[in-house]
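The values are calculated or read from the model by the stated rules, or taken from the named source; none is laboratory data. From a predicted model like this one, the values you see are computed outputs, not experimental measurements. All accessible areas refer to the heavy atoms of the entire protein, side chains included, with ligands and DNA or RNA removed. Shrake-Rupley method; radii C 1.70, N 1.55, O 1.52, S 1.80 Å.
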Amino acid sequence: MTAPRLQFSPETFFRMPLGQLEAAADRPRNFPLFIYLERNDRLLLRFEAGEPISLAQLALYVRNGLTDFWCPVEFLDDWNLYLRESGQQGEDSAPAAGIPDGDASAPVPTPTPTAPPAAVLPIDQVLKPRSELAVEAINIVESVELSDSERSALLSKVARDVAGLLEGIRADDADGLKAVLLRCQEFAEDVVRVAASTHQSREIYDAISLIKVMVPEHSGVSASLAVIFAMGLGHSDAYSLAELSMASSVHDLGLLRVDQEIVSKDWDQLSEEEEEALRGHVAETLDLLDERGVPLTPSMRILIEQHHERHDGTGYPKGLVSFEIDEMASILSVADQMDDYMSGRRGGLKLSPSEAIRRICDSNAFAPEMAEAVAQMIGVSKAEKLGESEAAVA
């Protein structure tokens, strides 16, 4: 199975009120449904034409603030037929010109085609993987002919090629770093979209997609790096990668409930009370997701709970050590810390990717074998020392 694509290229979409779909959820549907993500300015295919949609799934979207789906204008006739067969009428529109009132053969008035709030992407850009490396990774994930070990080795190689894009990016090259991180993010999103739809995580993926617009922007970077690092380390199970990506995308959602003045401070500037408040964002994240009705898996809960735990026991909320920490959570913690260093959120000084991973390797807080493996992915040898890199920058 490859990433789903439709065989036309519309330039506009029309709104489909969710309430009208709820009223006819049990009827066959010959048109696809898209959701619009405002922050990312992207349309995502959620249900293909003919794919069943339940009232429970629609309720999940309602709880997360979705009021409309979107559909390409080529499916207007199918939408009208769907409404007519369910006994519904079009909204705010008169019967079509030339058709007498009361004529049983009159079609349901056609909705006026409109564009989403921002630019609409052509369908091939919405669904098509955005890089050759993403296409290669998706083919590996979906192949039924590969053994687990073969899939792991091939996926690891592709992920290392992607991680290698970070090599040589300087700390003062903000545009270069932004461009590379965007490529990493697009790669991870494309692969995970397919991985999630291939397994039993579609409902969770949908809920996460809606909530992601609320989370701190850096979570997207952390999530993409975590997926790439996990693949590079040999993790190839599509479901596990999807869980890692989805949990990573919202792992800091609870920061929304913490005073932003506290969030912006460095750890050494925090009072005991402020430190306690910041540590509480882990529990707040889980509470928010539960309130939103997001059906987290046990593995996803562990990822969120443990992403601030540290190899040497200095993390929180439980102070776990090495073997007590889930491996995927450790991968997320390395990715999250790298993003902190590269963005300058910790310590104020923005580090290059190479400098960031060297500092992580120099710390006792992260699993040394994992940190060294990630360093190798982005072209940093074990022999290179943090002090030398900082001296070169200075």
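The phi torsions of the stretch 141-154, fed into the Karplus equation with coefficients 6.51, -1.76 and 1.60 and a -60° offset, translate into couplings of 4, 8, 5, 9, 8, 7, 6, 4, 5, 5, 4, 4, 5, 5 Hz, rounded to whole numbers, with Gly and Pro shown as x. The residues Leu289, Leu256, Leu177, sorted by heavy-atom accessible surface at 1.4 Å with ligands and nucleic acids left out, run Leu256, Leu177, Leu289 from largest to smallest.
Return the carbon/sulfur percentage of the accessible area of the stretch 136-199, one whole number, probe 1.4 Å, all protein chains in place.
Numbers: 1550 of 3100 Å².
Summing carbon and sulfur atoms, their accessible area is 50 percent of the total for the stretch 136-199.
List, in the order given, every pair from Lys178/Lys318; Lys265/Lys318; Lys178/Lys265 whose Cα-Cα distance in the structure shown is over 25 Å. Violating the 25 Å Cα-Cα cut-off are Lys178/Lys318.
Working note: Karplus 6.51/-1.76/1.60 with θ = phi - 60° gives the stretch 49-57 the couplings 4, x, 6, x, 9, 9, 4, 5, 5 Hz, where Gly and Pro are set to x. Amide H contacts of Phe47: Leu33, each under 5 Å away and 5 or more positions distant or on a separate chain (H built 1.01 Å from N in the peptide plane; Pro and chain starts excluded).
May I ask you to compute the full-extension gain from Arg63 to Leu349, defined as 0.36 nm times their residue separation minus their alpha-carbon distance, rounded to one decimal in nm? Could the numbers behind the result be given before it?
Details: separation 286, 0.36 × 286 = 102.96 nm, distance 4.02 nm.
Going from the current span to full extension adds 98.9 nm.
In order along the stretch 261-277, the Karplus-derived 3J(HN,Hα) couplings, from 6.51 cos²θ - 1.76 cosθ + 1.60 at θ = phi - 60°, round to 5, 5, 4, 7, 7, 7, 4, 6, 9, 7, 6, 4, 5, 5, 5, 5, 5 Hz, and Gly and Pro are given as x.
Under 5 Å from the amide H of Phe69 lie the amide H atoms of Met16, Leu18, each residue being 5 or more positions distant or on a separate chain, with H modelled from the backbone and absent for Pro and chain starts. Note on Cys71: accessible area is roughly 0 Å² with a 1.4 Å probe, heavy atoms of protein only.
Ordered by solvent-accessible area of protein heavy atoms (1.4 Å probe), largest first, the residues Val135, Val282 come out as Val135, Val282. A cut-off of 5 Å between modelled amide H atoms, ignoring neighbours fewer than 5 places along the same chain, links Gly313 with Ser322.
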